[in-house]
1. Report, by residue number, each residue of segment 153-168 that is of a type outside the set (D, E, K, R) and out of contact with any His (no Cβ under 9 Å at 6 or more places or on another chain).
2. Taking only pairs six or more apart or across chains, which ones have beta-carbon atoms under 8 Å, a first residue in segment 67-91 that is in contact (Cβ under 8 Å) with a residue 60 or more places away in the chain and on the phi < 0 side of the Ramachandran plot, and a second residue that is crowded, with 17+ Cβ neighbours inside 10 Å and among the aromatic types (F, W, Y)?
3. Looking only at segment 146-178, which residues are open to solvent by 20 Å² or more (accessible area, probe 1.4 Å) and touching a Cys at 6+ places or on another chain (Cβ under 6 Å)?
4. Return only the number of the condition from (1) more than 17 Å from the chain's Cα centre (by Cα); (2) on the phi > 0 side of the Ramachandran plot that L107 does not satisfy.
5. Tally the residues that are more than 13 Å from I102 (Cα to Cα), open to solvent by less than 30 Å² (accessible area, probe 1.4 Å) and within 23 Å of the chain's Cα centre (by Cα), restricting the search to segment 121-145.
6. From (1) in contact with a helix residue (DSSP H, G or I) (Cβ under 8 Å, 6 or more places away or on another chain); (2) open to solvent by 90 Å² or more (accessible area, probe 1.4 Å); (3) closer than 30 Å to K92 by Cβ, pick out the condition that doesn't hold for N58.
7. Considering segment 1-49 alone, what residues qualify as being at pLDDT 85 or above, basic (K, R) and either at positive phi or part of a loop (DSSP other than H, G, I, E, B) (or both)?
8. With (1) over 16 Å from the mean Cα position of the chain (by Cα); (2) within 17 Å of R181 (Cα to Cα) as the list, and Y98 as the residue in question, which single condition is left unmet?
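The values are calculated or read from the model by the stated rules, or taken from the named source; none is laboratory data. Computed from a prediction, not measured in an experiment: that's the story for all the values here. Don't worry about glycine lacking a Cβ; one is built from the backbone with ideal geometry, like all the others, and counts go over all protein chains shown. When the accessible area is computed, the model is the full protein with side chains, heavy atoms only, and any ligands, DNA or RNA have been set aside. Shrake-Rupley method; radii C 1.70, N 1.55, O 1.52, S 1.80 Å.
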Amino acid sequence: GTLVTEYFKDDRALLGVIIGTGFNVAYWEKVGNIPKYMRANKEADPDATMCINMECGNFDSPTMRVLKNVYNKYDIEVDAASPNKGLGLTEKLVSGLYMGEIARLALRDLKKAGIIRGLHGKLEEKKGFPAWHLSGCVEEDDSRLSKIEKILKKEYGVESTLFEREAIRKVCEWVVLRSARVAATIIGTVVLKAGFEWD
């Protein structure tokens, strides 16, 4: 829908991407590159194009062969607790629906290791660290990390040291950066495969 909607406004639109609570990509493919379509439509112009909805949030599911080097114990735990275990594995690496939970699990381990103090039990609760808190931690630009300090105090009722705030920010940055890299890799692969060229 994203690609087609934009195409009606600008017929140069080549790619549609959704990264939010989910993750998906659609693009225009020459029908000559779609064997199933060509077998059923032998007279079709091979240079005609068709919109392909990749459902790429499910890429590499359930085997996780391609992205195995970025998949970790937190992803396994998030997948095991999800209603669609074994499916949507790439979406669970990338989308906002799961990023807060991945950060929560990593922060829980930092607490167990004595690196940070707890968040009044929230690190033990599913969805105890929502994605919007993760975003607030990543966008921090103050050397004292005062935004993170405010989030911790207001939302969790805890005082924090600068060291703890730095550790929390690092975890949040790691989750966001990995998400961005996986999404960019998939989007870039589509661009290369389709042979798109821009001025």
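1. If we filter segment 153-168 for residues that are of a type outside the set (D, E, K, R), which is where we start, we get 156-158, 160-163, 167-168.
Residues satisfying the conditions are S160, T161, L162, F163, A167, I168.
2. Correct list of pairs: L67/F59; T90/F23; T90/F59; E91/F23; E91/Y98.
3. R169
4. L107 satisfies every listed condition except (2).
5. Count: 3.
6. Among (1) in contact with a helix residue (DSSP H, G or I) (Cβ under 8 Å, 6 or more places away or on another chain); (2) open to solvent by 90 Å² or more (accessible area, probe 1.4 Å); (3) closer than 30 Å to K92 by Cβ, the lone unmet condition for N58 is (2).
7. K42
8. (1)
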